[in-house]
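Inspection log for the structure reproduced underneath, given as structure tokens.
The values are calculated or read from the model by the stated rules, or taken from the named source; none is laboratory data. Computed from a prediction, not measured in an experiment: that's the story for all the values here. Backbone-built Cβ (ideal geometry, glycine too); neighbour counts: all protein chains shown. Ligands, DNA and RNA are stripped out before the accessible areas are found, and what is left, the full protein with its side chains, is counted by its heavy atoms. Shrake-Rupley method; radii C 1.70, N 1.55, O 1.52, S 1.80 Å.
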Amino acid sequence: MTRHVTKRIALVSANNCRIPYPVYPLGISYLVSYLSLHLPDYEVKVFDFNRGDYAAFADFLDRHEFDLVGLSLRNFDDSTHVYDANIFIAHYREIMQVARAHTQAPIVIGGSGFSVFPELLFQELNPDYAVKGEGEAALKELIVALAGGIDPARAGIDRLTCRRSNAVDNTVPEACPERGIRNTNYISSPVLHVENDWAEYYWKTSGMLNIQTKRGCPYRCIFCSYPLVDGRTVRTLDAKMVVGNIEELYFAKGISYLFFTDSIFNIHREYNEELARRLIESKADIRWGAYFAPHNLTFDDLKLYQQSGLTHVEFGSDSLSDSQLEHYNKNFRFADIREQSMYCGNLGIFFAHFLILGGYGETDRTLDETFEHSKELGLTVYFPYIGMRVYPDTQLCDIALREGLIQSPRELIHPVYYLSKEIDPATIVPRARATGQRWILADDEQSPMMDLLRKRGKKGPLWEFLRY
């Protein structure tokens, strides 16, 4: 009698950052759902470092025999300057050491954190394989190739890097098409199913779950890493399927607040209108928030989104000075920011502004403009970053090289921040406080209040309680 051998894949969410709250591992959820649909003969098991430590991970690997272990790196660091930055590379090395000690299965790494530093992290962590950017199809093809005895390096798998004799066989950065990596085949309808225990844990600890409606970002902000992660081609996910996912979360699991993790929600107005109308028709009484750019957005758009459940708008405003917005290569100006803030205020939608203070081109005059303009936007809250984290393959990286801040992009594996030499960074916080507005800085201790609100059953991001 032939013994049936179960084929298993392990997917590992490496993120263990809990400030300001644990973030639901959405990328892992999409991978599990996709593999379960397309490779039904495989059992997919998940380990989440928000819910377990290294010892638990070792036990997880010991208890099962895996054909492949996939490690998802969500972040590289917490992107805070002036304060003690939390750098995750040591944590990722420890995970790799545990994995190598407790399984013989090949290891593939991916995720947004890896996709920003693909070559550097490949060399640092030395996995067998890696996938940059959208990972569902590539991971499935890798599994199929390995099961069929096919060399993955010769299988034509998009965005795949392979290790051979400790060298990178393929290179993956989208910014370098001359290296011969095809990076244009995307999936349009990724399935999503959330397991009950995941939903229960993150709903209790975070007060929300995440979901996507779009992938890709067409904008060219000088500092941003989003196009490195998702590409510049915007793909709208099937609106009917997205709403079906939301209905399952609401009716089957009681999830009533969601955050859309699109790089910018309001990239595609026609799609958003369809999504909003489907949400209204669905009768799923959800509330939701998203990242918005303060342009390509009308009062009627916001009103429709509010009817579909929108309660929180997080504007990526970056500066309230027109000349700084130009330096950052933004396609909006302060007049747009003020107009969109007024729309939200009139509709009763909570809104916040995320800003960069002291970045490329900043002077005392532009800082003064931002601080003065902050008084004009009504009841809101400001989340400022001081300085700009430099990422590879961005315009800011080119500037940092030109100005001698770095000698090579390889240095960026250790966080490097661009701070304008025209300002004294020590003056930024006092000047912000002097405006009388609500500025939430990286070292402000908000966790105890947030924890208390969550214990009282409050859901959502909760920053609206910080506005006063």
Q: May I ask you to derive the FRET efficiency for ASP300 and ALA101 from their Cβ-Cβ distance with R0 = 56 Å, giving the value to the nearest 0.05?
A: 0.45
Q | DSSP bridge orientation in the chain - percent antiparallel, rounded to nearest 5 | A | 20 percent
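Once neighbouring chains are kept in place and the probe is 1.4 Å, which whole percent of the accessible area of the stretch 226-352 is contributed by carbon and sulfur?
45 percent
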Q: Figure the gain on full extension for ASP41 and ASP444 (residue separation times 0.36 nm, minus the Cα-Cα span) and round it to one decimal in nm.
A: 140.2 nm
Q: Provide the solvent-accessible area of TYR21, counting protein heavy atoms only and rolling a 1.4 Å probe, rounded to the nearest 10 Å².
A: 50 Å²
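Pulled fully out, how much extra length does the chain show between ARG18 and ASP451, if you take 0.36 nm times their separation in residues and subtract their Cα-Cα distance?
Difference between extended and current length: 154.7 nm.
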Q) Exactly which chymotrypsin sites (Phe, Trp or Tyr not before Pro) in the stretch 1-75 are in a DSSP loop and have at most 14 other Cβ atoms within 10 Å? A) none
Q: Just need the relative contact order of the chain here, percent rounded to a whole number, with Cα pairs under 8 Å and 6+ apart.
A: 12 percent
Q: Using only the alpha-carbon atoms of the stretch 218-284, report the extent along each of the three principal axes, biggest first, to the nearest angstrom.
A: 41, 24, 15
Q: Obtain the nm distance between the two label points defined at LEU347 and ALA434 by a simple spin-label model: each point lies 7 Å from its Cα along the Cα-to-C-beta direction.
A: 3.6 nm
Q | Overall dimensions of the stretch 317-450 by Cα: Rg and Dmax, Å | A | 15.9, 49
Q) Can you give the alpha-carbon Rg of the stretch 252-319 over 2.2 N^0.38 Å, where N counts its residues? A) 1.09
Q) Among all stretches of the chain without exposed GluC sites (Glu not before Pro) (DSSP loop, at most 11 other Cβ atoms within 10 Å), which one is longest? A) 1-402
Q) Expressed as a rounded percentage, what relative contact order does the stretch 318-462 have, with Cα pairs under 8 Å and six or more residues apart? A) 25 percent
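Per the helix-only calculation at 222 nm, which mean residue ellipticity applies to the chain, given -39500 (n - 2.57) for every DSSP H run of n ≥ 4 and division by its residues, nearest 500 deg cm²/dmol?
-10000 deg cm²/dmol
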Q. Rounded if a/c is under 1.5, else prolate if a/b beats b/c, else oblate: with a ≥ b ≥ c from the C-alpha gyration tensor eigenvalues square-rooted, which is the stretch 381-456?
A. oblate
Q) Taking N as the number of residues in the stretch 318-378, what value does Rg over Cα atoms divided by 2.2 N^0.38 Å take? A) 1.11
Q: Could you pull the accessible area for MET241 with a 1.4 Å probe, rounded to 10 Å²?
A: 60 Å²
Q. Tell me, what is the FRET efficiency for SER323 and ARG410 to the nearest 0.05, using R0 = 51 angstrom and their Cβ-Cβ distance as r?
A. 0.95
Q. So who's got an amide H within less than 5 Å of the one on VAL313, skipping anything under 5 residues away but keeping other chains? H placed 1.01 Å off N, in plane.
A. PHE350, PHE351, ALA352
Q. Roughly how many Å is it from the Cα centre of the stretch 218-243 to that of the stretch 405-468, as a whole number?
A. 25 Å
Q: Express in nm, to one decimal, how much length is gained between GLU247 and ARG220 on full extension, taking 0.36 nm for each residue of separation and deducting their alpha carbon distance.
A: 6.3 nm
Q | Set of lysines with alpha-carbon distance to LYS253 below 18 Å, sequence-local pairs under 8 removed | A | LYS204, LYS283, LYS458, LYS459
Q.
Can you give me the accessible area per residue for the stretch 281-408, using a 1.4 Å probe, in Å²?
A. 38 Å²
Q.
Counting heavy atoms of the protein chains only and a 1.4 Å probe, report the per residue accessible area for the stretch 25-157 as a whole number of Å².
A. 40 Å²
Q) What residues have an amide H closer than 5 Å to that of ASN75, excluding those fewer than 5 places away on the same chain, when H is modeled at 1.01 Å from N in the peptide plane? A) GLY113
Q: Measure nothing but the geometry: give the 0 to 90° angle between the long axis through the Cα atoms of 364-373 and the longest principal axis through the Cα atoms of the chain, rounded to 10°.
A: 80 degrees
(Q) For a Förster distance of 45 Å, can you work out the FRET efficiency between the beta-carbons of THR205 and ARG338, rounded to the nearest 0.05? (A) 0.80
